[in-house]
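Here the structure comes first, spelled out in structure tokens, and everything after it is commentary.
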Amino acid sequence: MYNALVLPHMTYCSTIWNDGSNSILSKLSKLQRRAARVITGQSYEVRSTQILESLNWIPIEDTLKKRETIMTFKALTNRLPHYAQNSLKISENSNYSLSSNYVKLSLPKPKTNLLKRSFSYRAAKGWNELSDEITKNVQNLSLPYFKWLLTLVRIG
């Protein structure tokens, strides 16, 4: 029931409304931990990370970061409308371009915290933190294969 009814509501359009602020993430995290305790019947003496692992649930913070990374992949591989793709810029560094094996994004220089909370900043920062093994040959990867690669690493 949680995966069918609650999780979709928690993650719906998360790349738009999630600005990375701790207040939103802490509320969602509390909701997820509480749902896990209700489902398993565990008391507060058991660590919530153990409960989430027993249910094979990914912490909501990691889920939201993974969704941002998938959206970034879609933008880089022309699977999104142009207005969404234009929010991300390929790094001008000669080592990284779409014609080379590895793709890195240019990180805007934030003057305010508002820019740090924007999708373009968070997406570029998150993408650049991925290993080169994941970002190599990004144009040749299918979306299901990219999602599978993300399951092999911990984002966050």
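Under a cut-off of 18 Å between alpha-carbon atoms, report the aspartates and glutamates in cross-link reach of residue 89, not counting same-chain residues fewer than 8 places apart.
Here the aspartates and glutamates satisfying the reach criterion relative to residue 89 are 68, 129, 132.
Could you compute the net charge surrounding residue 103? Neighbours are other residues with a C-beta less than 12 Å from the C-beta of residue 103; K and R count +1, D and E count -1.
On the way: positive: 89, 104, 136; negative: 132.
It works out to a net charge of +2.
Run the numbers on the chain and let me know its relative contact order in percent, using alpha-carbon pairs under 8 Å that are six or more apart. Could you put the intermediate results ahead of the total?
Numbers: 132 pairs, mean separation 34.7, N = 156.
About 22 percent, as a whole number.
Which residues make up the longest stretch of the chain clear of chymotrypsin sites (Phe, Trp or Tyr not before Pro) that lie in a DSSP loop with no more than 16 other Cβ atoms within 10 Å, not counting the sites?
Values: sites that count: 12, 44.
The answer is 45-156.
Could you tally the net charge around residue 116, taking each other residue with its Cβ under 13 Å from the Cβ of residue 116, Lys/Arg +1 and Asp/Glu -1?
On the way: positive: 109, 111, 117, 122, 125; negative: 19.
Local charge sum for residue 116: +4.
Based only on other Cβ atoms within 10 Å, what is the fewest-to-most ordering of 135, 40, 49?
49, 40, 135
Please grab the % of Cα pairs in the chain that end up more than 19 Å from each other. Present the calculation step by step, with values, prior to reporting the outcome.
Details: 7070 of 12090 pairs.
Across the chain, Cα pairs with separations above 19 Å total 58 percent.
If you filter region 9-83 for GluC sites (Glu not before Pro), then keep DSSP loop positions with at most 15 other Cβ within 10 Å, what is left?
Values: sites: 45, 53, 61, 68; in loops: 45.
In loop regions of region 9-83 (DSSP not H, G, I, E or B), the sparsely surrounded GluC sites (Glu not before Pro) are 45.
Which longest run of the chain has no exposed loop site in it, a site being trypsin sites (Lys or Arg not before Pro) in a DSSP loop with at most 15 other beta carbons within 10 Å, and the site itself not part of the run? Could the numbers behind the result be given before it?
On the way: sites that count: 47, 79, 89, 111, 117, 154.
That would be 1-46.
Between residue 37 and residue 114, with labels modelled 7 Å along Cα→Cβ, what's the label distance in nm to one decimal, could you check?
Going by the 7 Å Cα→Cβ label model, 3.8 nm.
Any of 27/147; 27/116; 30/65; 74/116; 65/109; 65/104 with alpha carbons more than 19 Å apart? Name them for me.
Working: 27/147 26 Å; 27/116 21 Å; 30/65 17 Å; 74/116 21 Å; 65/109 21 Å; 65/104 17 Å.
Going by Cα-Cα distance, 27/147; 27/116; 74/116; 65/109 fall outside the 19 Å limit.
Any read-out appearing in this document is the output of simple, stated calculations on the displayed coordinates, not a laboratory observation. These figures come from a predicted structure and were not determined experimentally. Ideal geometry is used to build each Cβ from the backbone, glycine not excepted, and the neighbour counts take in all protein chains shown.
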